[in-house]
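Below is one structure, written out as structure tokens; comments come after it.
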Amino acid sequence: MTISQEVASGIESAVAVAPVVELEDVTKAFGTVQAVRGVTLSVAPGQVYGVLGPNGAGKTTLLRILLGLVRSDRGRVRVLGRAPADPVALRDIGALIESPAFVPHLSGRVNLRVLARARGLPATEVGRVLRIVDLENAADRRVTGYSLGMRQRLGVAAALLGDPSLLILDEPTNGLDPEGMAAMRTLIRDLSRVSTVLLSSHLLGEVQQVCDRVVVLDRGRVVAEDSVSALLAQSGSMRVAVWGRPLDVAETVLKSHPAWSGAIRTEDAEDPHLRLELDQDDIPALVRALVEAGVDVQEVRREHRSLEEAFFALTTDAGSGE
Ligand SMILES: Nc1ncnc2c1ncn2[C@@H]1O[C@H](COP(=O)(O)OP(=O)(O)OP(=O)(O)O)[C@@H](O)[C@H]1O
């Protein structure tokens, strides 16, 4: 490789990995309320990135900072390599923040046309985004007759006008029924093939299913920032269910071991077994101890904690230090 080729490929890879969103020590207070406290994170291109946290955690404030709707008090914010509200960056960002506002007595299509025209986009854009969100059949009906799910999809369609490379969606599944949620989830995954998606949610199951990476906020602070799988893996203990005979002996063995003394026998008479939390992956040691005590181990089942449990562990731990 010549030096110029090396430089070119270096530039290419630098561009390829340049974060879409970068926050460094970002803080925002509203009077005495510290909405966002020292948040640092980075969103890579093509990711579905979740901003997760309970009510009041600072999720919406964070998204509003990215869009330049709120100014941070401190810290560095870069969106698509530019400052928030930079017109060049804004042209390449689609956003759905809180409930989308549409003219209710106009059709979905006309609402989108108005928005497209205001942004100098061709009318063909409207057909394109309606197809993506699967609203073509309802496009000529008045928005007032739309279900909440349809309105949310219309909101996403509006955000998609101009084919942005970054989509910011605030609670996109909020208020939707399970069917609407599933449709939105599929849509978000589809969209992530062409755009980076940053979404906020307090619905952990949703985030677990749709996001590649998440930041967990609690009272404005980052309590975790990682891939969903890593967050689940590192979230401490896992739960294990043990079937063995005689179960009394198995119970005595486990209860006499300091790390496993929390084992409990299930109430289920039809399917008696023991359940316990393990601090680390010490299933082999547990099986060995049981076998050495003469227990026939029939089954040991590992139950992964959900992101929900991991999340509550994180936010509870964070709160206990205050
Ligand atoms: N414009 C504002 N003026 C005063 N306080 C605000 C303002 N915006 C947000 N806050 C406060 O900042 C904190 C974080 O609010 P934010 O809306 O960002 O949280 P959230 O995680 O999006 O919560 P939710 O899930 O309830 O929407 C809250 O205590 C909220 O009351």
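Does L199 meet the test of being touching a Pro at 6+ places or on another chain (Cβ under 9 Å), of a type outside the set (F, W, Y) and in a strand (DSSP E or B)? Spell out the reasoning first.
Working: touching a Pro at 6+ places or on another chain (Cβ under 9 Å): yes; of a type outside the set (F, W, Y): yes; in a strand (DSSP E or B): yes.
Here the answer is yes, as L199 does meet what is asked.
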**OP:** Kindly provide the set of residues from segment 18-34 that are more than 25 Å from P87 (Cβ to Cβ) and crowded, with 24+ Cβ neighbours inside 10 Å, ordered by number.
**Re:** none
Subject >> Count - residues of segment 94-120 that are more than 24 Å from G175 (Cβ to Cβ) and not in a helix (DSSP H, G or I) >> reply: 2
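Any residue that is within 16 Å of the ligand (Cβ to nearest atom), at pLDDT 90 or above and either part of a loop (DSSP other than H, G, I, E, B) or farther than 25 Å from T61 by Cβ (or both) - is there at least one of those in segment 220-228?
Filtering segment 220-228 down to residues within 16 Å of the ligand (Cβ to nearest atom) leaves 220-225.
Filter again for at pLDDT 90 or above, leaving 220-222, 225.
Okay, now just the ones that are also either part of a loop (DSSP other than H, G, I, E, B) or farther than 25 Å from T61 by Cβ (or both), so 220.
Within segment 220-228, one or more residues are within 16 Å of the ligand (Cβ to nearest atom), at pLDDT 90 or above and either part of a loop (DSSP other than H, G, I, E, B) or farther than 25 Å from T61 by Cβ (or both).
Kindly indicate whether V17 is away from the ligand (no atom under 16 Å from the Cβ) and at pLDDT below 95. Steps first, answer last, please.
Numbers: away from the ligand (no atom under 16 Å from the Cβ): yes; at pLDDT below 95: yes.
Against the criterion (away from the ligand (no atom under 16 Å from the Cβ) and at pLDDT below 95), V17 qualifies.
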**OP:** Could you list, in sequence order, all residues of segment 35-66 that are surrounded by fewer than 19 Cβ atoms within 10 Å (Cβ to Cβ), more than 12 Å from the ligand (Cβ to nearest atom) and under 28 Å from Q209 (Cβ atoms)?
**Re:** T40, S42, A44, P45, G46
Original post:
Restricting attention to segment 177-202, which residues are hydrophobic (A, V, I, L, M, F, W, C) and crowded, with 18+ Cβ neighbours inside 10 Å?
Top reply: M181, A183, M184, L187, I188, L191, V197, L198, L199
Original post:
Quick check: is even one residue across segment 121-135 under 27 Å from R219 (Cα atoms), surrounded by fewer than 18 Cβ atoms within 10 Å (Cβ to Cβ) and more than 16 Å from the ligand (Cβ to nearest atom)?
Top reply: no
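The values are calculated or read from the model by the stated rules, or taken from the named source; none is laboratory data. Worth saying up front: this structure is predicted, and the values here are computed from it rather than measured. Neighbour counts are summed over all protein chains in view; Cβ atoms, including those assigned to glycine, are modelled from backbone coordinates with ideal geometry.
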